[in-house]
Amino acid sequence: DTGVSQDPRHKITKRGQNVTFRCDPISEHNRLYWYRQTLGQGPEFLTYFQNEAQLEKSRLLSDRFSAERPKGSFSTLEIQRTEQGDSAMYLCASSLGLWADTGELFFGEGSRLTVL
Amino acid sequence: DAKTTQPPSMDCAEGRAANLPCNHSTISGNEYVYWYRQIHSQGPQYIIHGLKNNETNEMASLIITEDRKSSTLILPHATLRDTAVYYCIVRYGNKLVFGAGTILRVKS
C-alpha cells in the first residue's frame, strides 16, 4: 500500500498521560498536514510541514501539542498531559506541494484518540 | 479563508444525479473551490476542484456560477457507495479549511 499510513489507529489513554501518533506520508510528497476531527464536525487544521520545516501552526495547537518531521519523511504528533477534550480523530495528509496542479491532499485513515 | 455554506443533509435515489450546492459569496478572484468527501471511518477523499470554469473528471462535475459566488457538485449516477459527507472548501494559501459539510444519503 503506497498511501498515507498512520499509527496507531486507535489509542485509549488516561487523562494526564502523553500520547504520540506517527504518520508516514506518500514517499515523494514534500508537504505533510495534521488535522483534528471531532464527532459531527469537519477536520480542523492543526499544522503543516514543507519537508522538515514546520511552516504554519493553528491556534488550536496548544503548548501541549508538538509535531515534528525530523528528516522530511515521517512525522510525529505528540500530546502531553492529555485532557478529555483531546479525544478526537487525528488525521494526517500529504501532498506534492504543487497546489496549482491538482490541489489534492491524500489523507490517511486517522488515529482515533480516546481520553478517559 | 472564504467561508462556505452547505445544506446539512440531502437524500438522493440510487441511479439518479446528486446535485450538491455550495454558497461561497465572499470568494475572491484567486481562490479555488475544492470538493472532498468523507465516507464513514475513513479520511477525506479529493473529488474535484476549479477556479472559474466548469470541471469534470471520472468522479463528478463541478459547476461554478459566473459570479463565482456559488457552485454545484454533480454526481451523475449516484450509487449506495456515494453515501458520505461532502465538503465544499474555498482555499487560499497552504491549507484547506473544512466546514461541517453535507451528509448525502443515497437510497435504493
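The values are calculated or read from the model by the stated rules, or taken from the named source; none is laboratory data. From a predicted model like this one, the values you see are computed outputs, not experimental measurements. Here the Cβ positions follow ideal geometry from the backbone for every residue, glycine too, while neighbour counts run over all protein chains shown. Side chains are part of the model used for accessible areas, which takes the heavy atoms of the whole protein and leaves out ligands, DNA and RNA. Shrake-Rupley method; radii C 1.70, N 1.55, O 1.52, S 1.80 Å.
Results, tabulated for the structure shown:
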quantity: Unique residue being open to solvent by 10 Å² or more (accessible area, probe 1.4 Å), under 22 Å from residue A:39 (Cα atoms) and either polar (S, T, N, Q) or out of contact with any helix residue (DSSP H, G or I) (no Cβ under 7 Å at 6 or more places or on another chain) (or both) when the list is B:21, B:44, B:76, B:7; calculated: B:7
quantity: Residue tally, condition within 18 Å of residue A:91 (Cβ to Cβ), modelled with pLDDT of 95 or more and of a type outside the set (D, E, K, R), over segment A:13-31; calculated: 5
quantity: Every residue from segment B:61-86 that is touching a residue at least 12 places away in the same chain (Cβ under 8 Å) and either within 14 Å of chain A (Cβ to nearest Cβ) or part of a strand (DSSP E or B) (or both); calculated: B:61, B:62, B:64, B:70, B:71, B:72, B:73, B:74, B:75, B:84, B:85, B:86
quantity: Test: residue in segment A:53-71 that is at the interface with chain B (Cβ under 9 Å from one of its Cβ atoms), more than 17 Å from residue A:19 (Cα to Cα), over 14 Å from the mean Cα position of the chain (by Cα) and charged (D, E, K, R); calculated: no
quantity: Residue tally, condition closer than 25 Å to residue B:88 by Cα and either buried (at least 19 other Cβ atoms within 10 Å of the Cβ) or hydrophobic (A, V, I, L, M, F, W, C) (or both), over segment A:31-81; calculated: 18
quantity: Filter result (at pLDDT 95 or above and outside any strand (DSSP E or B)) within segment A:58-84; calculated: A:64, A:69, A:74, A:80, A:81, A:82, A:83, A:84
quantity: Index of the failed condition, residue B:26 passing every other in (1) within 12 Å of chain A (Cβ to nearest Cβ); (2) open to solvent by 20 Å² or more (accessible area, probe 1.4 Å); (3) part of a loop (DSSP other than H, G, I, E, B); (4) without any contact (Cβ under 8 Å) to a residue 40 or more places away in the chain; calculated: (1)
quantity: Some residue of segment A:41-48 being in contact (Cβ under 8 Å) with a residue 12 or more places away in the chain, of a type in the set (Asp, Glu) and within 14 Å of chain B (Cβ to nearest Cβ); calculated: yes
quantity: Residue B:97 vs. criteria open to solvent by less than 10 Å² (accessible area, probe 1.4 Å), modelled with pLDDT under 95 and within 14 Å of another protein chain (Cβ to nearest Cβ); calculated: no
